[in-house]
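The values are calculated or read from the model by the stated rules, or taken from the named source; none is laboratory data. From a predicted model like this one, the values you see are computed outputs, not experimental measurements. Every residue, glycine among them, receives a Cβ derived from its backbone with ideal geometry; neighbour counts consider all protein chains shown. Accessible surface is based on the protein model in full, side chains and every heavy atom, while ligands, DNA and RNA are left aside. Shrake-Rupley method; radii C 1.70, N 1.55, O 1.52, S 1.80 Å.
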Amino acid sequence: MAKPVILTVDDDPQVLRAVARDLRQRYGERYRVLRADSGQAALKALNQLKERDDPVALLLADQRMPHIDGVTFLGEAMDLFPTAKRALLTAYADTDAAIGAINESKIHYYLLKPWDPPEQKLYPVIDDLLDDWQAGYRPPFEGIRLIGDRWSPEAHTLRDFLARSLVPYQWLDIEQDDDATAVMTRAGLTPEDLPAVVFEDDTSASRPDPATVAERAGLQTRAASDFYDLVIVGAGPAGLAAAVYGASEGLSVALLDSSVPGGQAGTSSRIENYLGFPAGLSGADLARRAVTQAKRFGTEIIAPRAVESFDLQEHYKRVTLGDGSEISSHVLILATGVAYRRPDIPGIDRFGGAGVYYGSSLSEAMACRGEEVYVVGAGNSAGQAAMFLADYAAKVTMLVRGKDLGSKMSNYLVERIDEHPLISVRVETLVVAVDGAEHLETLTLETQDGTETVATNALFIFVGASPQTGWLPERVQRDERGFVLTGPDLSYEGLDWPLERAPFLLETSIPGVFAAGDVRHGSVKRVASAVGEGSISVQFVHRYLGEVKV
């Protein structure tokens, strides 16, 4: 996007050079400073800027110019750029005319010549004018546009992916945004093409998958090398922590994720008990900070890129990706975390992304503005989501299977929910049915007193989690729920362990393959714990590398 323009006009070449020099010195990084030696030349330049749709922030014109004086020029310029700030440069003898121009011609300010020193006599005035202009300036959006409707699961997936990948985009709801039809027409799209993404170069993609959008948006979706010291599968808090510590200590690191960095924690609306952030922070914010830190140390973050399998070649671990490509490493860390469990409610999958959501994000919360929404769950994630949604929804009802919130939720959060006027809690209540046409419209609730049907367009579910370990080979030991066994929890019966030492604390049943975070059996399901395990795992990585003498 072009920088906003500051245009200065004066028929005296020496004065024109001086004012342009002082303006560039102070504002050149944020604004484009142009100059014209007459009112006619300035109006011609403004017409060209208008044709290019370039923004103009400030017009600074001398009063005494032949043919068109400063007041006349600024009056005509107002028709071309009505929001631009207008200032008059005048000699002391012309102050009466300048004051009259302010009162009659809507000129915002006048400056006396000479203005030395500019730090005292020029910049404070210009700063104030530009700050005022910036407060009302709405730059045209030039990034990615996503067009669809609120109830489209495909659109929901793309919105969630772009938001969590920190890719700036504009959401255009075909039913609510007037600009949506115009953008579709320019891109040659029809309603059958939705959801569609229009990129910065005005090309478009109809019903694209996240990987396609990621490539077009400039995200890294392919490994730059075929071999790394350390490959980490899963970019949640544990994987990101391992990447930061591994890369900062000189290892070449590739971090893979089938979706976007942040993992389940990235969907959390607010984390308030994470050390060092007394005001709390969102999961997305935590992920953003960690991604920046990992990249700064040289980590390659490759997403979205699913891992299909891995196998062993002597001491090396070879990972096969979803596109058929392969990368190898000395060491592998499994940090795939967990995903929210889908409840066994008939037909609920039909409304995924169309009224039924797992996790809570800003886009979903804003779509629920003024509505009544329901949250299923009794853990911290459910409680934080309820608090977050209450900032937008007219009412939030929490549905809890047990008799209270206190058994699974932190006390500080229970107290906040109890005190919140827009949140109600219904205990010993289950969702047993969902219904609707194209999107969720009603829930059937079962209580001790029987069943009832309630109307709602939004149900947020936080009911436990399942590990993402189905892709692992059988040689990686897991418990009955699929969580990876490590260190002292491993079963030595039938264990093929070629080393003389026992497995390290976070080492799996395969030497040089570690597990960290929620995917590991016995882990504490907290963000801080996952970060700690990811950090600790790198110390075992170094010890393993020293053993195999790589």
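You can think of it this way: the chain between residue 41 and residue 481 has 150.8 nm of extra reach, that is 0.36 nm per residue less the Cα-Cα gap. For the set 426, 520, solvent exposure ranked by accessible area (probe 1.4 Å, protein chains only) runs largest to smallest as 426, 520. A Förster radius of 35 Å, combined with the Cβ-Cβ distance separating residue 394 from residue 166, puts the computed FRET efficiency at roughly 0.70. Within region 327-406, none of the GluC sites (Glu not before Pro) combine a DSSP coil assignment with at most 14 other C-beta atoms in a 10 angstrom radius.
Karplus-derived 3J(HN,Hα) values for region 505-514, using 6.51 cos²θ - 1.76 cosθ + 1.60 with θ = phi - 60°, are 3, 9, 8, 7, 6, 10, x, x, 10, 10 Hz; glycine and proline are entered as x.
Couplings for region 134-145, taken from phi via the Karplus curve 6.51 cos²θ - 1.76 cosθ + 1.60 with θ = phi - 60°, read 4, 4, x, 7, 10, x, x, 6, 10, x, 6, 10 Hz in order; Gly and Pro are left as x. For region 304-370, trypsin sites (Lys or Arg not before Pro) are listed when DSSP marks them as loop and at most 16 other Cβ atoms sit within 10 Å of their Cβ; the list is 341, 369.
By the helix-only formula, in which each DSSP H run with n ≥ 4 contributes -39500 (n - 2.57) and the sum is divided by residues, the chain has a 222 nm mean residue ellipticity of -9500 deg cm²/dmol.
Of the chymotrypsin sites (Phe, Trp or Tyr not before Pro) found in region 382-460, no site is in coil according to DSSP while having at most 10 other Cβ atoms within 10 Å of its Cβ. With each label modelled as a point 7 angstrom along the Cα→C-beta vector, the residue 52-residue 78 pair spans 2.7 nm. Which one of 214, 406, 237 has its Cα pushed farthest toward the positive end of the charge dipole of the chain, where Lys and Arg give +1 and Asp and Glu give -1 at the Cβ? It is 237. Summing Cβ point charges (Lys, Arg +1; Asp, Glu -1) relative to the Cα centre of the chain gives a dipole of roughly 1220 debye. The length gained by stretching the chain between residue 182 and residue 91 to full extension, at 0.36 nm per residue less their Cα-Cα distance, is 27.8 nm. Rolling a 1.4 Å probe over the heavy atoms of the protein chains gives the chain an accessible area of 47 Å² per residue.
When only Cα pairs below 8 angstrom with a gap of at least 6 residues are kept, the chain shows a relative contact order of 10 percent. Take the residue pairs 85/106; 50/113; 3/85; 50/85; 403/525 and return only those whose Cα atoms are more than 20 Å apart. The answer is 50/113; 403/525.
Note on residue 447 and residue 173: with the Förster distance fixed at 45 Å, the Cβ-Cβ geometry gives a FRET efficiency of about 0.80.
Simple point charges give the picture: +1 on the Cβ of Lys and Arg, -1 on the Cβ of Asp and Glu, and for region 22-162 a dipole about the Cα centre of about 220 debye. Surface composition of the chain: carbon plus sulfur atoms hold 48% of the accessible area, using a 1.4 angstrom probe and ignoring ligands, DNA and RNA. The amide H of residue 301, built 1.01 Å from its N in the peptide plane, has 255 as neighbours under 5 Å, considering only residues 5 or more places off or on other chains. Toward the positive end of the charge dipole of the chain, with +1 on the Cβ of Lys and Arg and -1 on the Cβ of Asp and Glu, the farthest Cα among 14, 2, 466 is that of 14.
Close amide H pairs (under 5 Å, H built 1.01 Å from N) link residue 435 with 441, 442, residues at least 5 positions away or on another chain.
A simple rule links phi to the HN-Hα coupling: the Karplus curve 6.51 cos²θ - 1.76 cosθ + 1.60 with θ = phi - 60°, which for region 192-200 gives 5, 7, 7, x, 9, 10, 9, 8, 4 Hz, with x for Gly and Pro.
The gain in end-to-end length when the residue 212 to residue 415 segment is fully stretched comes to 68.6 nm, 0.36 nm per residue minus the alpha carbon separation.
Between residue 227 and residue 295, the modelled labels are 2.8 nm apart [label points 7 Å from Cα along Cα→Cβ].
With contacts taken as Cα pairs under 8 Å and at least 6 residues apart, region 356-502 reaches a relative contact order of 23 percent. Each residue, residue 496 and residue 438, gets one label point 7 Å from its Cα in the Cβ direction; the gap between the two is 5.4 nm.
Placing +1 on the Cβ of every Lys and Arg and -1 on the Cβ of every Asp and Glu, with no other charges, gives region 314-380 a dipole of roughly 100 debye about its Cα centre. Note the angle between two axes, namely the Cα long axis of helix 380-389 and the longest principal axis of the Cα atoms of the chain, as a number of degrees from 0 to 90, rounded to the nearest 10. Around 30 degrees separate the two axes.
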